[in-house]
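Student: Sharing a structure here in structure tokens format.
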Amino acid sequence: MQTAMLGGGSKAVEKQKATGKMTARERIVSILDPDTFHEYDIFVEHAGKDFDMDKKYLPGDGVVTGTGTINGYPMCIFAQDFTVAGGSLGYMHAKKICKIMDHAMKLKVPIIGINDSGGARIQEGVNALAGYGDIFYRNTQASGVIPQISVILGPCAGGAVYSPALTDFVFVVDKISKMFITGPEVIKTVLGEEISQENLGGARVHAEISGNAHFFAHSEQECFEQIKDLVSYIPWNNKKTAEPFLPKAPRSREYKISSIFPTNPAEPYDVRGIIKSIVDNSEFLEVSELFASNIVIGYARINGDTVGFVANQPLNKAGVLDCDSSDKAARFVRFCDSFNIPLVTMVDLPGYLPGIDQEHAGVIRHGAKLLYAYSEATVPKITVILRKAYGGGYIAMCSHHLKADFVFAWPTAEIAVMGPEGAANIIFRSEIMNAEDPEEMRRIKVQEYKEKFANPYVAAAYGYVDAVIQPNETRGYIMHALKIGKSKEEYRPEKKHGVPPF
Amino acid sequence: MSEEKPQSNKIYRKVYILSDPGLIYPFIPGTVSSFIVKKGDEVVKGDQLFILDAMKMNNIVLAPIDGVVKKINVKVGEKVSKNDVIMEIV
């Protein structure tokens, strides 16, 4: 028992510590509430028979599994132990992971997986591959039933990265996490391209460029705090709602809409300030903060209950929708819908990003994901239009037409088929061309269009906007809408599942 | 007369090169309406560099890295397209 608890022995542990990493058990204990970790299957032995593996003893077969609590919420957890054969995945190693995953599914509690592994245990051959496959299958079955959290605290390469990719949230730590399908060695041999591990699949790459990681931390401890914060916002399973907190007022001295929201419609602002000014204690947990930051997604509480926020960020790329931001938001919407978290959408965008790059990168397909996700979602959907809502962007951002339950608009809202310049150029083409001074005529017509259509009242006249509200009434309206929407029931036509534009 | 070109057998492969973070490109074509920094200024990551009018918005472009503004390639009021380097920071 004691030898098993030591993992790969003091030498290997020292090596692990030298790279700034904790051991598997230390990590688990740091994430869970004190003295709540109960470990299982510590006496499991590996199943390798070939290459003299049968003479080797691998404590716990390189993975620690068990249960515990975070802030009193039940959790299943496993952590790969890099000090034991490099955390490599063999048959029994995978069996232990599958067992704890099955456990989580039966008990309907979230699962946290800490990945720190060199990859498949080559000596065990096809049995190692079978192990991965079994895990992927369980990840997929559990998707949308229990929240799945992956923490990358070391290398996670080859097939192994697909398990985190199938889970709901991926946490990475700077300089420690490394994820890739093929490493720098293979890339060099096959393609002749040279790149370091860090530049290929380091924490920053996945948090900023690829979007595979949702939370970025500078240290393991910071990462664990982020996990604790996140689990406080999400329910244990898809049959429950998130645990309510005591309602708190926003910190209105620090976050005031009137001082954040500019009067000039062309001036950017940080939409996170607007969110913070209407949520409990002005606390907002942003997801995928560094990736596609032209859209903001994250969790907050209103009147004690968890709410998922999706908001265009005018501070970045004018808040446009593009491939990455649509993808990011769509996934978030689907998570919230699966786990009964009401959605609040804040709209201020000039539209979809034009350009050859975007069209060739498939902005049609990616943009459609957002439409799909919103249309499919049956949780209460509340939309607040702050400023611009033009064209396809207006529809995509949870408009009345995608069955938003409540659409509110500030008096500054501009809801129209396209921007005033573009629209005037098309509608008044002949007037402008035939005028004595076309430029002057264009200016007049743009102004005319602006006055007539760049406001919330045209949409409100058709019932597409439920109420035009003052910015300082936003919290009150959302609070009321959430209360009224609590017992919402909406059904979709019977089907096995849809075919989203993946 | 047809101007058909012989088909090439050459396989083109995109080579991935990490771009220099100090070269500031516009995220979308637009007009540079004003500069907040000038040549020779020292900047810290997150500092405001210039305003790019595009997508109906006066976008504030921020410094991606710490450094010194080595070169400014465009004038105020000039239209910039996607591949124009507006500013170089070293």
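Student: Which one of these is among the aliphatic types (A, V, I, L, M) and in contact with a strand residue (DSSP E or B) (Cβ under 7 Å, 6 or more places away or on another chain): A:417, A:446, A:407?
Tutor: A:407
Student: Hey, could you check the range B:44-60 for residues that are more than 10 Å from every other protein chain (Cβ to nearest Cβ) and within 14 Å of the chain's Cα centre (by Cα) and say which is nearest to residue A:389 (Cα to Cα)?
Tutor: Here the residue is B:50.
Student: Pull up the range A:369-380, narrow it to residues that are surrounded by fewer than 24 Cβ atoms within 10 Å (Cβ to Cβ) and part of a helix (DSSP H, G or I), then point me to the one that is nearest to the chain's Cα centre (by Cα).
Tutor: Here the residue is A:369.
Student: In the range A:267-302, what count of residues is obtained for those that are over 21 Å from residue A:217 (Cα atoms), more than 14 Å from every other protein chain (Cβ to nearest Cβ) and part of a helix (DSSP H, G or I)?
Tutor: 7
Student: Quick test of your reading of the structure: residue A:200 fulfils all but one of (1) within 14 Å of another protein chain (Cβ to nearest Cβ); (2) under 30 Å from residue A:482 (Cα atoms); (3) surrounded by 17 or more Cβ atoms within 10 Å (Cβ to Cβ); (4) at pLDDT below 95. Name the failing condition by number.
Tutor: The one condition residue A:200 does not meet is (2).
Student: Only one of these conditions is not met by residue A:384: (1) away from chain B (no Cβ under 14 Å); (2) of a type in the set (A, V, I, L, M, F, W, C); (3) buried (at least 22 other Cβ atoms within 10 Å of the Cβ); (4) in a helix (DSSP H, G or I). Which number is it?
Tutor: (4)
Student: Quick one: how many residues across the range A:348-368 are away from every other protein chain (no Cβ under 14 Å) and either among the β-branched types (Val, Ile, Thr) or surrounded by fewer than 20 Cβ atoms within 10 Å (Cβ to Cβ) (or both)?
Tutor: Matching residues across the range A:348-368 total 4.
Student: Filter the range A:213-266 down to residues that are β-branched (Val, Ile, Thr) and surrounded by 15 or more Cβ atoms within 10 Å (Cβ to Cβ) and give me whichever is farthest from the other protein chains (Cβ to nearest Cβ).
Tutor: Once the filter is applied, the top-ranked residue is A:241.
Student: Taking helices (runs of 4 or more DSSP H) that fall entirely within the range A:431-487, which contain at least 2 residues that are closer than 22 Å to residue A:304 by Cβ, touching a residue at least 60 places away in the same chain (Cβ under 8 Å) and under 30 Å from the mean Cα position of the chain (by Cα)?
Tutor: The helices (runs of 4 or more DSSP H) meeting that bar are A:474-485.
Student: Kindly indicate the residue of the range A:303-325 that is in contact with a helix residue (DSSP H, G or I) (Cβ under 6 Å, 6 or more places away or on another chain) and outside any loop (DSSP other than H, G, I, E, B) and also farthest from residue B:47 (Cα to Cα) among those meeting that condition.
Tutor: Looking at residues that are in contact with a helix residue (DSSP H, G or I) (Cβ under 6 Å, 6 or more places away or on another chain) and outside any loop (DSSP other than H, G, I, E, B), I get A:308.
The values are calculated or read from the model by the stated rules, or taken from the named source; none is laboratory data. Since this is a predicted model, take the numbers as computed values, not measurements. Note: ideal-geometry Cβ built from the backbone for every residue, glycine included; neighbour counts use all protein chains shown.
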